[in-house]
Every structure is written in structure tokens, then in C-alpha cells.
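A short worksheet on the structure shown next.
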Amino acid sequence: MATLEFPSTLIARETGHWRLRTSTFTPGRALDGRQQFIGVENRTWEVAYHVSNAWDGLTGTYLAFIDQVRGATTSFLVPVANAWTTTYGGDPAAFWTSVGISATEISDGFIRWSDGTTFSDGTGWALPDHGDPVVLFPAPAGSSRIRLHGYLGRNLAVGAYFAVNNFLYRVQSNTDGDIRFNPPLREAVVVGDVAVVNAPKARVRFGSDEDYMAALDIGQYYAPFKLAFVEAFDR
């Protein structure tokens, strides 16, 4: 069955940050007043979106998509805004300019030494690669550390997102591509797996049938439709 994706013609945006929902267990307070907390790694993503343009000629597109989802049973992909880090938007020159490459270097197709010289063959250092980074070493499910190869991986900002197999992760720290992140890996990764930084997507579902029905509520005409999602683990 083909992967269901939120229609690209509809503008779907987060109304808040992706949040990691946790459940902390406690047996309550003891006789001495102290309370014990039992923590396990059970965090899952939840997020609220709104769709701002599902009117007039696009109303049918939106309704048909909601019909296809069929409640909380079906998972689908939604776009994730990755505004906290450098990403590639499809224009190489604009990307290189945004990371400090001069117009001369872009025209030359390489970066010179600081004194303006080149290698003996007349070339210089390669321009930064704008492709999505790849996994450099394997890591098991449950790991919170990964090594990424590529310019965008080495420069992935704290708080930014990357997605592997449409599982979403948020960067805790980054030391030249040595990434610590949350939540832990949902599944193992191997060398060469792509960590999507440019336009990542996450697999989600409606948290309940009530959330699904609320996606059809009309507060007023031309107001955004509001949607509440939770992380989906099926693949």
C-alpha cells in the first residue's frame, strides 16, 4: 500500500513545538512523606497543526484526504518545519551564499585558501554539500547518539530536527556531526541511511476518533482547520 501523505497543495503548519509526552509512574508518598518516581523511556511525540488554505477550490482536496485517513487507524506523513538550522531550498547559489560563500567562490566552483591561492591544479576546496547527511556508523534502536556525514549533518543546530525512515528526532548537541538527540532511536540505523534535514517528514496519526472528527470542525469560514496528531510507530 502506498504511503499516505498530507496533500502538498494544502498549507499545513505546526501551531506549536513538537512535544515529547511522557508518563511518570509513582506509588504515591510513603509514610515519611517522600515520594518515589519510576521513570522509563516512554516518550512519544505529539503536535498540533493547522491547515490554512483548505477553502474554495481546495476544500474537496482536504475533505477527501480526511476521508481517506478513516479516523485514528491510519497513519500518514506530515511536513516538519526545520527553521532552526541551515537547510537547502533548491537554489544552490542561495544556499552557498547563506553559509558565507562569496560570489567569486560560487562562480569559481571552489573555495580558495585564505590568501587567495589555489592547489597546484588551479582548483580549491569543494563547495559545501547541500544534500541530506548520511549515517556514518551503525547504531542500535534505543541509542541517543549518532554520527552523521555531510555538511548539513556537521552543522545541524541544537533544537533542529532530522528524520530517519520518517521517525523524527530533535538535536540535543552536535560536535562536528557527532549528534546527541531525543527521543532515542526508534529502530536501528546502518551505514548510509539518510538522515533527512531538508524538508523532513514525520509519520503521525490522529490521537483518537474525537481528534479525527475535530479536524472537520468549522469555527468560522476561512479560518484554519485544527488538527492534533501523535507519533505513529507502524512502518
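The values are calculated or read from the model by the stated rules, or taken from the named source; none is laboratory data. Computed from a predicted structure; not experimentally measured. Ideal geometry is used to build each Cβ from the backbone, glycine not excepted, and the neighbour counts take in all protein chains shown.
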Regarding G116, is this residue surrounded by fewer than 11 Cβ atoms within 10 Å (Cβ to Cβ) and either assigned to a helix (DSSP H, G or I) or within 20 Å of the chain's Cα centre (by Cα) (or both)? no
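The rows are residues; the columns are (1) loosely packed, with under 14 Cβ neighbours inside 10 Å; (2) farther than 28 Å from V78 by Cβ; (3) in the same structural domain as G207 (by TED's automatic domain parsing); (4) not acidic (D, E).
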| position | (1), (2), (3), (4) |
| --- | --- |
| A12 | no, no, yes, yes |
| G16 | yes, no, yes, yes |
| R34 | yes, yes, no, yes |
| E46 | no, no, yes, no |
| Y49 | no, no, yes, yes |
Condition broken by E210, with the remaining ones in (1) out of contact with any Pro (no Cβ under 9 Å at 6 or more places or on another chain); (2) surrounded by fewer than 16 Cβ atoms within 10 Å (Cβ to Cβ); (3) touching a residue at least 40 places away in the same chain (Cβ under 8 Å) satisfied: (3)
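With farther than 26 Å from S8 by Cα and not in a loop (DSSP other than H, G, I, E, B) as the only criterion, which of L148, L185 stands out?
L148
Could you please let me know if F76 is within 30 Å of A157 (Cβ to Cβ) and among the aromatic types (F, W, Y)?
yes
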Members of the range 81-95 found to be within 18 Å of N174 (Cβ to Cβ) and of a type in the set (A, V, I, L, M, F, W, C), listed by number: A83, W84
List the number of the failed condition for Y161; all other conditions in (1) at pLDDT below 95; (2) closer than 29 Å to L10 by Cα hold. (1)
